[in-house]
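The values are calculated or read from the model by the stated rules, or taken from the named source; none is laboratory data. Predicted model only: the values in this text are computed from it and were never measured. Don't worry about glycine lacking a Cβ; one is built from the backbone with ideal geometry, like all the others, and counts go over all protein chains shown. The protein model used for the area step is the full one, side chains on, heavy atoms only, and it has no ligands, DNA or RNA in it. Shrake-Rupley method; radii C 1.70, N 1.55, O 1.52, S 1.80 Å.
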Amino acid sequence: MATVWAYREGAFSRTASTGWSHTINFTSPSDLATQMDAASLRGRVQRLVILAHGNRPGQLLMEGTRLGATSAAVIGRLYAPFLRSDAMLVLMACIAGAGDDGSLFLRRLSTELRGRVIVGFSAYGVIDSSFGGALNPGNVQAAPGQRPVSGARLEPWSPWAKWAHEDVIVRLPADEQESNAGHRCANPNCRGHAATPARGRVPTLPHCRYSDWGHAAVLTGLNP
C-alpha cells in the first residue's frame, strides 16, 4: 500500500518519516502518471494528494495558472490505474471544493473514479511550518478568506473538507453547513444541528455520523 504526496507548487522533502511513502514533484497531469508508473505504483495507492493551484471553485490547475484546469475525465483516466478500489483522492487546491461548482467537480470525479473517496476544500491553504518542517508533506495551513488560522491544518477531516463518493456529497465543510437551514449536514435525513461555541475562525458545527445514514464500507471505515 502506498501514500503519495504529489505537488505542482511549493517544495517538499522526500522522506517516509513524514507518513508519505512517495513524494512526487510533477509538471503536468501526464507527468504525474508517468512518475507513478516508474515507481511501480499501479494498483497500490491508498491515498493520493494532488497539491496545485485552484483559486476558483471546481477547478484544479495541474499545469500552472497560465493553462486551463484539468478535467475530471482526464484525472479519472490517468489515475484510476494507480488508485486502489477504496482509495482516497485529495485535491489540495485552494477553494477547489467550494460551493456548488466545487460539489459538481468532486461528484464528477467520484463517477470517474468509482468507489473511491474524493476530497476537496472550501478554504484557501498556505504551505506553513506550524506543523514541523515547512518542507514536510502535509504541512498546509488552512487560510479561510486568505487569512491563515494558527494550528489548523488542511486535511480530509478538517472543518473545511468536502467529500464525494459515487456521485453524492457525503460530507459538507462546516462553513457551508452553517448556511443551510438548521445547520443541516450532508445526511439527506438530517434534522439539523445546534451551533457550538466558535473557536476563533475554526468552524465547529457537528454533523451526522455517516454510519447513521449510509452503508458504503469505505465510508463507514473513514466516518466522514
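Considering only residues that are of a type in the set (Ser, Thr, Tyr) and within 15 Å of residue 163 (Cβ to Cβ), look in segment 65-113 and name the one that is farthest from the chain's Cα centre (by Cα).
Per the stated criteria, the residue is 111.
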Seminar exercise, completed: Subset of segment 52-75, residues out of contact with any helix residue (DSSP H, G or I) (no Cβ under 8 Å at 6 or more places or on another chain) and either buried (at least 24 other Cβ atoms within 10 Å of the Cβ) or hydroxyl-bearing (Ser, Thr, Tyr) (or both), comes to 52, 54, 65, 71
Exercise. Which condition does residue 139 not pass, out of (1) surrounded by fewer than 20 Cβ atoms within 10 Å (Cβ to Cβ); (2) more than 19 Å from residue 106 (Cβ to Cβ), if it passes all the others?
Worked result: (1)
For this session: Select from segment 13-72 the residues that are small (Gly, Ala, Ser) and on the phi > 0 side of the Ramachandran plot and list them in ascending order.
Result: 19, 40, 43, 58, 64
Problem set entry | Long-range neighbours under 7 Å by Cβ, at least six apart or interchain, first residue without any contact (Cβ under 8 Å) to a residue 40 or more places away in the chain within segment 110-122, second in a strand (DSSP E or B) | 113/83; 113/89
Exercise. Which one of these does residue 145 not meet: (1) part of a loop (DSSP other than H, G, I, E, B); (2) open to solvent by 30 Å² or more (accessible area, probe 1.4 Å)?
Worked result: (1)
For this session: Scan 3, 70, 34 and give me the residue that is free of Cβ contacts under 8 Å to residues at least 24 places away in the same chain, of a type in the set (Ser, Thr, Tyr) and either closer than 26 Å to residue 222 by Cβ or not in a loop (DSSP other than H, G, I, E, B) (or both).
Result: 34
Problem set entry | Residue selected from segment 16-31 under the condition free of Cβ contacts under 8 Å to residues at least 40 places away in the same chain, among the polar types (S, T, N, Q) and not in a strand (DSSP E or B), by the criterion surrounded by the most Cβ atoms within 10 Å (Cβ to Cβ) | 21
Exercise. So residue 182 fits all but one of (1) outside any loop (DSSP other than H, G, I, E, B); (2) open to solvent by less than 40 Å² (accessible area, probe 1.4 Å); (3) not aromatic (Phe, Trp, Tyr); what number is the exception?
Worked result: (2)
For this session: Give the residues of segment 76-94 that are open to solvent by 20 Å² or more (accessible area, probe 1.4 Å) and part of a loop (DSSP other than H, G, I, E, B), sorted by residue number.
Result: 80, 81, 94
